[in-house]
Amino acid sequence: MRVLYFSDTFLPKTDGVAVSIKNFSELLTLRGHEFTICAPRYGEDDFERMGDNIHVIRFRSGYLPSYPDIKVVLPSPGKIKKVIEEFKPDLIHIHTPGLLGVYGMSAAERYGIPTIGTYHTLMAEQEMYVSFYRLFKLDKLFFKINKFKKKINFDELDKYIKFDNFNIRKKIILKICNDLYNRCDVVISPSHLIKQQLIEYGINRPITVVSNGMDLKRFKGKTKTLNTDAPKILHVGRISYEKNCDVVINAFKIVHEKFPKATLTIIGEGPAIESLKRQAEHLEIKDSVIFTGFVPNAELHTIYPQYDLFLTASTMETQGLVVLEAIACGLPAIGVDSFALPELIQQDKNGYIAPPFDVQALADHTIKLFTDPEVYKRFSRASIEIASTHEMEKCVDDMETVYEKVIEAMKGKEKKKSLFEMLLDFM
């Protein structure tokens, strides 16, 4: 098979989408398949090949003012036409609902190519990045002012957010995403809970579940025991506002009062870093909260086992790749009851689930776990068992099967006229 990927995020920028694309394409090429990946241009760290059978095509892009990590790919219909005519894909796989994903879908319709879309990210839950509050960078202004006026507190920042929290914005984003994914022949969900959520959102195309998977030969843990008064808590991921790391830090403040030697390590980078550092300082726990910055995924499997607990307050995970990595390494986990997290963090089995944004509940669950060594050991053992169902090779089998079935079912797919086609004809 020849598969053409479209994604508005990819390496060298590291996130769950990029890791998923890398893993599936590399492992499927070992089975004789070929891939071309259409992705944004980032800079000097860009590359154009991943082995002989994976070609990366880069597209010119700008960035979203409220979140520079998000690339806005500029229209390149002629370039996309050339890619399709030279590569002759059997299948197009859309990985993001951004502009590059839209371009890819329009091209698929023009050429009558079978199309799959993976719902990696619940974009409607990231509507904050198109708010006036962050588009005009009022959050950065707040923290600059706060350096000089200590009387300004975080409650005031919340007022700006609440003032700009119009529900209509989320509905618009949801409609845009639905319009794209409802043009796919099949939609892939990384988890069963997200599949149900997508149905509720209004996705009316066939939905199949394929986990992003985990290399359990690398992320391999042993049952852990707890015998310390200085527990080490870990959070890993993109440090952006929708991940709610501020909630994690507030919960850690309460845990730290019970365990003064406890530490919280936050691995990752993103636009929320500076505000979180200010928060830790404001709460007088900055010496116990460690910000490491970016750590390559190739090193993470050696880092997780050094910690005692994985803690997250994210409310928008479609699967939670870092949670999967952590539990595969034997860490109990504590998270919130939102979207896909309860599939990986199972209440009273390998961790605890708190209501979203409930700081006290997250703290209470953490303290409870750290005061019961027997439960801790049982949770660690269960984490490894839960992760074992996400073995990467099985997930690759599932993806390959989906590809084959869609290609076979959509033979002779009708070509559609579109704005993209008219633009190509004009050029």
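Of ALA354, ALA382, which residue is hydrophobic (A, V, I, L, M, F, W, C), modelled with pLDDT of 95 or more, closer than 18 Å to ALA251 by Cβ and buried (at least 18 other Cβ atoms within 10 Å of the Cβ)? Answer to the selection: ALA354. Taken over region 319-358, the criterion of being without any contact (Cβ under 8 Å) to a residue 12 or more places away in the chain and within 22 Å of LYS243 (Cα to Cα) is satisfied by GLN347 alone.
Which residue is farthest from the chain's Cα centre (by Cα), if the candidates are limited to region 27-55 and must be among the small types (Gly, Ala, Ser) and closer than 21 Å to GLU393 by Cβ? Restricting to residues being among the small types (Gly, Ala, Ser) and closer than 21 Å to GLU393 by Cβ, the top hit is GLY32.
Which of the following residues is modelled with pLDDT of 95 or more and either in the same structural domain as LYS195 (by TED's automatic domain parsing) or at negative phi (or both): GLU274, GLU343, GLU317, GLU281?
Numbers: GLU274 fails: modelled with pLDDT of 95 or more; GLU343 fails: modelled with pLDDT of 95 or more; GLU317 fails: modelled with pLDDT of 95 or more.
None of the others qualify; the one that does is GLU281.
Which one is surrounded by the fewest Cβ atoms within 10 Å (Cβ to Cβ) among residues in region 217-235 that are closer than 24 Å to PHE294 by Cβ and hydrophobic (A, V, I, L, M, F, W, C)? Top of the filtered list is PHE219.
Just give me the residues in region 168-197 being free of Cβ contacts under 8 Å to residues at least 24 places away in the same chain, surrounded by fewer than 17 Cβ atoms within 10 Å (Cβ to Cβ) and either in the same structural domain as LEU341 (by TED's automatic domain parsing) or closer than 19 Å to GLY213 by Cα (or both), in sequence order. If the condition is that a residue be free of Cβ contacts under 8 Å to residues at least 24 places away in the same chain, surrounded by fewer than 17 Cβ atoms within 10 Å (Cβ to Cβ) and either in the same structural domain as LEU341 (by TED's automatic domain parsing) or closer than 19 Å to GLY213 by Cα (or both), then no residue fits. Based on this model, can you work out whether ALA361 counts as free of Cβ contacts under 8 Å to residues at least 60 places away in the same chain, among the small types (Gly, Ala, Ser) and in a helix (DSSP H, G or I)? Yes: the conditions hold for ALA361.
Condition first: surrounded by fewer than 19 Cβ atoms within 10 Å (Cβ to Cβ) and closer than 21 Å to THR401 by Cα. Now tell me which residues in region 91-113 satisfy that.
Residues of region 91-113 that are surrounded by fewer than 19 Cβ atoms within 10 Å (Cβ to Cβ), as a first pass: 99, 111-112.
Matches in region 91-113: GLY112 only.
The single residue among ARG41, ARG58, ARG49, ARG2 that is surrounded by 15 or more Cβ atoms within 10 Å (Cβ to Cβ) and basic (Lys, Arg) turns out to be ARG58.
The values are calculated or read from the model by the stated rules, or taken from the named source; none is laboratory data. Predicted, not measured: the structure shown is a model, and the values here were computed from it. FYI the Cβ positions are ideal-geometry reconstructions off the backbone, even for glycines, and counts take in every protein chain you see.
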